[in-house]
Amino acid sequence: MPRSSNKKGRSCEGNRRCPRFVVQEHHATHLHWDFRLEIKGVLKSWALAKKPLNSKSVKRLAIQVKDHPLSYGKFEGKIKEGYGKGTVKIWDKGTFNPESIKKEKIVFQINGSRLKGKFVLLKTGYSKNSWLFFKVN
């Protein structure tokens, strides 16, 4: 599929706009970061116990959680009750260019204000929902 660019000059596949990503800092029972990728009309979501970094030497455990609607990518505020109760703020957002999306490995370029470069989400064998999140370039 040929590459094209969105309005900001970021590379995307085909003639569609770049899909979005968001990282939300979530002060719930335990501080964590919700990492979300727009894939097939939803935000595929992972919880990271530690802040995502731009360093190639750091891998983060990412626990896959339920998909969220695209509108949730703009959410900032207080969740007052139930699961996830606490304050949510957007830590980073932007577009991403998926290079490969497979059942157990997602490779993508991120174009955010804090995170930039090529990253991987890799399914582990430790548990049903555990993945590794890391930068490769």
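The single condition among (1) at pLDDT 85 or above; (2) more than 18 Å from residue 113 (Cα to Cα); (3) not aromatic (Phe, Trp, Tyr) that residue 1 does not satisfy is (1). So, of the residues in the range 25-37 that are under 10 Å from the mean Cα position of the chain (by Cα) and touching a residue at least 40 places away in the same chain (Cβ under 8 Å), which turns out to be surrounded by the most Cβ atoms within 10 Å (Cβ to Cβ)? Step by step, filter the range 25-37, then rank; the result is 35. Taking the criterion of being part of a strand (DSSP E or B) and closer than 18 Å to residue 20 by Cα, would at least one residue in the range 68-76 satisfy it? Checking the range 68-76: at least one residue is part of a strand (DSSP E or B) and closer than 18 Å to residue 20 by Cα.
The number of residues in the range 60-76 that are small (Gly, Ala, Ser) and either surrounded by 15 or more Cβ atoms within 10 Å (Cβ to Cβ) or touching a strand residue (DSSP E or B) at 6+ places or on another chain (Cβ under 6 Å) (or both) comes to 2.
Each row is one residue, and each column tells you yes or no for (1) modelled with pLDDT of 95 or more; (2) within 16 Å of residue 20 (Cα to Cα); (3) assigned to a strand (DSSP E or B).
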{"position": "100", "(1), (2), (3)": "yes, yes, yes"}
{"position": "106", "(1), (2), (3)": "yes, yes, yes"}
{"position": "111", "(1), (2), (3)": "yes, yes, yes"}
{"position": "114", "(1), (2), (3)": "yes, yes, no"}
{"position": "122", "(1), (2), (3)": "yes, no, yes"}
{"position": "127", "(1), (2), (3)": "no, no, no"}
{"position": "132", "(1), (2), (3)": "yes, no, yes"}
{"position": "137", "(1), (2), (3)": "no, no, no"}
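Could we say that residue 93 is within 18 Å of residue 42 (Cβ to Cβ) and touching a helix residue (DSSP H, G or I) at 6+ places or on another chain (Cβ under 9 Å) here? Criteria met by residue 93. Of all residues in the range 116-129, those that are more than 25 Å from residue 93 (Cβ to Cβ) have Cβ atoms under 8 Å from Cβ atoms of residues that are among the hydroxyl-bearing types (Ser, Thr, Tyr), 6 or more apart or on another chain, in 124/130.
Evaluation of residue 45 against the conditions (1) in contact with a strand residue (DSSP E or B) (Cβ under 8 Å, 6 or more places away or on another chain); (2) at pLDDT below 95; (3) hydroxyl-bearing (Ser, Thr, Tyr) shows that the sole unmet condition is (2).
Residues in the range 28-49 that are not aliphatic (A, V, I, L, M) and not in a loop (DSSP other than H, G, I, E, B): 32, 33, 34, 35, 36, 38, 44, 45, 46.
Being at negative phi and either part of a strand (DSSP E or B) or in contact with a Phe, Trp or Tyr (Cβ under 7 Å, 6 or more places away or on another chain) (or both) is the filter here, so list the residues in the range 85-98 that pass it. Let's see the steps before the verdict.
Filtering the range 85-98 down to residues at negative phi leaves 85, 87-93, 95-98.
Once the filter is applied, which keeps residues that are at negative phi and either part of a strand (DSSP E or B) or in contact with a Phe, Trp or Tyr (Cβ under 7 Å, 6 or more places away or on another chain) (or both), the range 85-98 yields 87, 88, 89, 90, 91, 92, 93, 95, 96, 97, 98.
Quick one: in the range 96-107, which of the residues that are among the hydrophobic types (A, V, I, L, M, F, W, C) and out of contact with any Ser or Thr (no Cβ under 8 Å at 6 or more places or on another chain) is surrounded by the fewest Cβ atoms within 10 Å (Cβ to Cβ)?
Filtering the range 96-107 for residues that are among the hydrophobic types (A, V, I, L, M, F, W, C) and out of contact with any Ser or Thr (no Cβ under 8 Å at 6 or more places or on another chain), the one surrounded by the fewest Cβ atoms within 10 Å (Cβ to Cβ) comes out as 101.
The values are calculated or read from the model by the stated rules, or taken from the named source; none is laboratory data. Owing to the predicted nature of the structure, the values given are computational and were not obtained by experimental measurement. Cβ: placed from backbone, ideal geometry, glycine included. Neighbour counts: every protein chain shown.
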